[in-house]
Amino acid sequence: MYATERHELIERLLTDDGRVSVVDLARRFGVTTETVRRDLAQLEGAGSLRRVHGGAVKSDRGSTVEPTLTERLGRAADAKAAIAARAITALGREFRGSVYLDAGTTTAAVAERLDASGARIEAVTHALSIAQTLSGSQEIDLTVIGGRVRGVTGAAVGAATVDAISGLRPDVAFVGTNGVSADFGLSTPDPDEASVKRQIVRSARRVIVLADAEKLGADRLVGFAALADIDVLVTDASPDPLLAAALEDAGVEVWIA
């Protein structure tokens, strides 16, 4: 396969998946990882992508870039559904307790499955779309945290939101993130969103983070938790060796959907 053919396929994979791995590309193309890294360097120079540890992401994924809720709904839908299905097994049919649902499309997929889980749940969220999903359930008691609503995520943020969450102690929190990396931990583009997520992590007895493969190895502008602050990472791909080692050192369980 010629270099130009590899470059075209890499760009197509980035369009479809948002992220590529050096090791996976080397295996797919039948070339060395050094060859793939040279390909990525050339594409980065052309502005087609941005290199990250272990691979590359689309060039529009800078540390402050944040797609809207509508844009994210159709992205990696199958992966998010699989992650949600795996994550909800943490509750079990005998679960009786409180669950906090962070804003996000993967946590929304968890919310869609709560009613059929058989668990008796006191659910809490600051995300309007999740509140709407859960509001009609006969099996779930719902508490909605208010505040200033960000149009990008449809979630409440601000001091009042953080203060309300600080007074809670949910048994389990399902938390979304825009990035999971070995050295920066969990991160998100917006400071207000980060403050809310930080408080959710502090408040919950057990923290389960949901992140599709696109988020692995990525850093966003604002960190909100260290790896050691979380209990479980549910994802749809194995983390690269550096991140996997960091997660193991931090005592984080990794569940592959």
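The values are calculated or read from the model by the stated rules, or taken from the named source; none is laboratory data. This structure is a prediction, so every number in the text was calculated from the model and none was measured. As a convention, Cβ positions derive from the backbone with ideal geometry for all residues, glycine included, and neighbour counts pool all protein chains shown. Each accessible area value is taken on the protein alone, full model and side chains, heavy atoms only, with ligands, DNA and RNA left out. Shrake-Rupley method; radii C 1.70, N 1.55, O 1.52, S 1.80 Å.
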Worksheet item: Looking at (1) in contact with a helix residue (DSSP H, G or I) (Cβ under 8 Å, 6 or more places away or on another chain); (2) closer than 18 Å to residue 198 by Cα; (3) of a type in the set (A, V, I, L, M), which is the only condition residue 121 fails?
Response: (2)
Response to the item:
Among residues of segment 192-215 being touching a residue at least 40 places away in the same chain (Cβ under 8 Å) and under 25 Å from residue 17 (Cβ atoms), the residue most open to solvent (accessible area, probe 1.4 Å) is 213
Practice prompt. For segment 45-54, indicate whether the set of residues that are aliphatic (A, V, I, L, M), exposed (fewer than 15 other Cβ atoms within 10 Å of the Cβ) and at pLDDT below 85 is non-empty.
Written response: yes
Worksheet item: Name the pairs: first residue in segment 76-89 and farther than 21 Å from residue 14 by Cβ, second residue in a helix (DSSP H, G or I) and open to solvent by 40 Å² or more (accessible area, probe 1.4 Å), Cβ to Cβ under 8 Å, at least 6 apart or on different chains?
Response: 84/112; 84/113; 85/113; 88/113
Worksheet entry | residue 148 surrounded by fewer than 23 Cβ atoms within 10 Å (Cβ to Cβ), touching a residue at least 12 places away in the same chain (Cβ under 8 Å), closer than 30 Å to residue 217 by Cα and charged (D, E, K, R) | no
Worksheet item: Taking strands (runs of 3 or more DSSP E) that do not extend beyond segment 89-202, which have at least 2 residues that are in contact with a strand residue (DSSP E or B) (Cβ under 6 Å, 6 or more places away or on another chain) and not charged (D, E, K, R)?
Response: 96-101, 120-125, 140-144, 155-157, 172-176, 179-181, 185-188
Fill in: Options 222, 162, 252; residue that is under 23 Å from residue 123 (Cβ atoms) and aliphatic (A, V, I, L, M)
162
Item to complete: State whether the residues of segment 233-241 include one that is assigned to a strand (DSSP E or B) and of a type in the set (Ser, Thr, Tyr).
Response: yes
Response to the item:
How many residues of segment 242-256 are outside any strand (DSSP E or B) and open to solvent by less than 50 Å² (accessible area, probe 1.4 Å)? The answer is 7
Worksheet, complete the sentence: Taking segment 76-102 and keeping residues closer than 23 Å to residue 17 by Cβ and of a type outside the set (Asp, Glu) leaves 76, 77, 79, 80, 81, 82, 83, 84, 85, 86, 87
Worksheet item: Does segment 98-112 include one or more residues that are open to solvent by 60 Å² or more (accessible area, probe 1.4 Å), within 16 Å of the chain's Cα centre (by Cα) and either at pLDDT 85 or above or among the aliphatic types (A, V, I, L, M) (or both)?
Response: no
